[in-house]
Amino acid sequence: MMRRRTTLLTTCTALALALGATACGGGPVSAGGGDQALSGQTVTVAGVWSGTEQRNFQKVLDAFTEKTGAKTQFVSTGDNVSTVVGSKIEGGNAPDVVMVPQVGVLKQFAEQGWLKPLSEKTEQSVDAGFAPVWKKYGSVDGELYGLYFKAAHKSTVWYSPDALAQAGVKPPKTYDEMLKAGRTVSDSGLAAFSVAGQDGWTLTDWFENVYLSQAGPEKYDALAAHELKWTDASVVEALTTLGKLFKDKQLIAGGQKGALNTDFPGSVEKVFGPEPEAGMVYEGDFVAGVAKDQFGRAIGEDADFFPFPAVGGGKAPVVSGGDAAVVLKEGKNQKAAMALVEYLATPEAAAVWAEAGGFLSPNKNLDLASYGDDVTRATAKSLVAAGDSVRFDMSDQAPAAFGGTKGTGEWKILQDFLRDPSDPKATAAQLEAAAAKAYRG
């Protein structure tokens, strides 16, 4: 997502309140000189972030304030961005800018007529600093509505170097080698993987990496657009591959029941917390932020990653996600809202969060030295270097009713599959029924 997903990466309950700079802590980060041309205006920004992510984004908003004079308020929406934003529009209290974590939601907002096209200045910045794929995902019917400010590299498996060293295994190159290494880790006393099954979006990410590698990019694109049905043999094959992991109690911390009771922050804690239960956790680059900020792990020393390995005879996958800034027509501060998005399109804005940590930018003009450690720097370089070959998170491209809503659609069906992975064909049929309904809607 990051689902959204990118998105959902917190250790705190999302607040339904607008939080200003003082509420998030920390003083403003210098953004260089500014003319204070927007003094007296306030920009309300809504997004899924809370906890560490919200505090770090607030540093970016503080830098914008220092540069322009415009104040900011951040509203944390929780997982269901579309529902919260829709209710605020209906209530006459629309935010000015929304950080949208799913391509499908961005498209939905545009088709409902909620969005203003971004300014020519923003579009010029996108053309100059971003691979074309990011403009494609931010556009609807050829019109640019979304600026991808924060990206995620969602093809990374994070591990405890000590755990792998004690088991005598090295980072694997193939999926089968990864499962074999996991069983060796398990034999040494820790479970192989911590799986965040309580958060359905993590399971979609597992599926997408397996599917992209095993089925290939053409089928991935077709399935993402629902031009290929979920009952296709390639989907059943990917579910079968994933099911081998899900049903192996030796590989998953706490077994299936334990995984279904573990959220994303909890899955990171089981590997990098004070009492480790597993040696590895699959998720995006944002794992590093939780491992560092919540558990004091030194990235590259106490916590490291290897690329999600190739499945079968396929290539290693590169799946991404991101949060796009959009401007709502119903917002009360259009000028300041556009100015904020123009600022977010600059390397200057990206550098603020890059220095704070837990962040990747798709902006190729951002100096990699802005990142605080070599591992994050390498991950960012890999993401930017992938260019147009990167594939955006599939569930984030789907209508929110299928790919981005807690307790329903793909999230719920894959949670049911984790609970009982014995019938991949039946799961594929359930996915197709839910997808068909959502895409028709």
Taking segment 311-328 as the search range and keeping residues that are more than 30 Å from Val43 (Cα to Cα) and buried (at least 19 other Cβ atoms within 10 Å of the Cβ), which one is modelled with the highest pLDDT? Val311
Does segment 384-396 hold any residues that are closer than 16 Å to Asn209 by Cβ and either surrounded by fewer than 24 Cβ atoms within 10 Å (Cβ to Cβ) or among the hydrophobic types (A, V, I, L, M, F, W, C) (or both), and which are they? Ala386, Ser389, Val390, Arg391, Phe392, Met394
Could you check how many residues of segment 274-310 are modelled with pLDDT under 90 and either outside the structural domain of Gly254 (by TED's automatic domain parsing) or out of contact with any Ser or Thr (no Cβ under 8 Å at 6 or more places or on another chain) (or both)? 1
Residues Val103, Val98, Val157: which one is over 19 Å from Phe57 (Cβ atoms) and modelled with pLDDT of 95 or more? Val157
Cβ-Cβ under 6 Å, sequence separation 6+ or interchain: first residue in segment 418-439 and of a type in the set (Val, Ile, Thr), partner assigned to a helix (DSSP H, G or I) and surrounded by 20 or more Cβ atoms within 10 Å (Cβ to Cβ). Which pairs? Thr427/Leu239; Thr427/Phe417
Please go through segment 258-279 and give me each residue that is of a type outside the set (Gly, Ala, Ser) and within 24 Å of Lys412 (Cα to Cα), ordered by number. Leu260, Asn261, Thr262, Asp263, Phe264, Pro265, Val268, Glu269, Lys270
Condition (residue is more than 16 Å from the chain's Cα centre (by Cα), closer than 17 Å to Val327 by Cβ, hydroxyl-bearing (Ser, Thr, Tyr) and assigned to a strand (DSSP E or B)) applied to segment 134-152: is it met by at least one residue? yes
Whether any residue in segment 27-47 is modelled with pLDDT under 75 and either in a helix (DSSP H, G or I) or polar (S, T, N, Q) (or both) is what I want to check. yes
Residue by residue through segment 232-251, note down the ones that are under 17 Å from Tyr220 (Cβ atoms) and among the aliphatic types (A, V, I, L, M). Ala233, Val235, Val236, Ala238, Leu239, Leu242
Look at segment 215-237 and say how many of its residues are farther than 16 Å from Ser389 by Cα and either surrounded by fewer than 22 Cβ atoms within 10 Å (Cβ to Cβ) or among the charged types (D, E, K, R) (or both). 11
Among (1) touching a Gly at 6+ places or on another chain (Cβ under 9 Å); (2) farther than 16 Å from Leu340 by Cα; (3) not β-branched (Val, Ile, Thr), Leu115 falls short only on (2)
Glu355 - would you say it is surrounded by fewer than 17 Cβ atoms within 10 Å (Cβ to Cβ), over 20 Å from the mean Cα position of the chain (by Cα) and acidic (Asp, Glu)? no
Hey, any hits in segment 275-286 for a residue that's surrounded by fewer than 24 Cβ atoms within 10 Å (Cβ to Cβ) and under 19 Å from the mean Cα position of the chain (by Cα)? no
Quick test of your reading of the structure: Leu431 fulfils all but one of (1) under 26 Å from Lys136 (Cβ atoms); (2) out of contact with any Asp or Glu (no Cβ under 8 Å at 6 or more places or on another chain); (3) at pLDDT 95 or above. Name the failing condition by number. (2)
Assuming Leu260 fulfils every condition listed in (1) of a type in the set (A, V, I, L, M, F, W, C); (2) surrounded by 21 or more Cβ atoms within 10 Å (Cβ to Cβ); (3) outside the structural domain of Ala356 (by TED's automatic domain parsing) apart from one, which condition is it? (2)
So, in segment 397-416, of the ones that are in a loop (DSSP other than H, G, I, E, B) and not polar (S, T, N, Q), which residue ends up surrounded by the fewest Cβ atoms within 10 Å (Cβ to Cβ)? Gly407
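Tell me which residues, restricted to segment 327-358, are among the β-branched types (Val, Ile, Thr) and within 14 Å of Tyr145 (Cβ to Cβ).
Val327, Val341
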From Ala380, Ala369, which residue is crowded, with 24+ Cβ neighbours inside 10 Å, not in a loop (DSSP other than H, G, I, E, B) and not assigned by TED's automatic domain parsing to the domain that holds Asp205? Ala380
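The values are calculated or read from the model by the stated rules, or taken from the named source; none is laboratory data. For clarity, every value in this text was computed on a predicted model and none was experimentally measured. Neighbour counts are summed over all protein chains in view; Cβ atoms, including those assigned to glycine, are modelled from backbone coordinates with ideal geometry.
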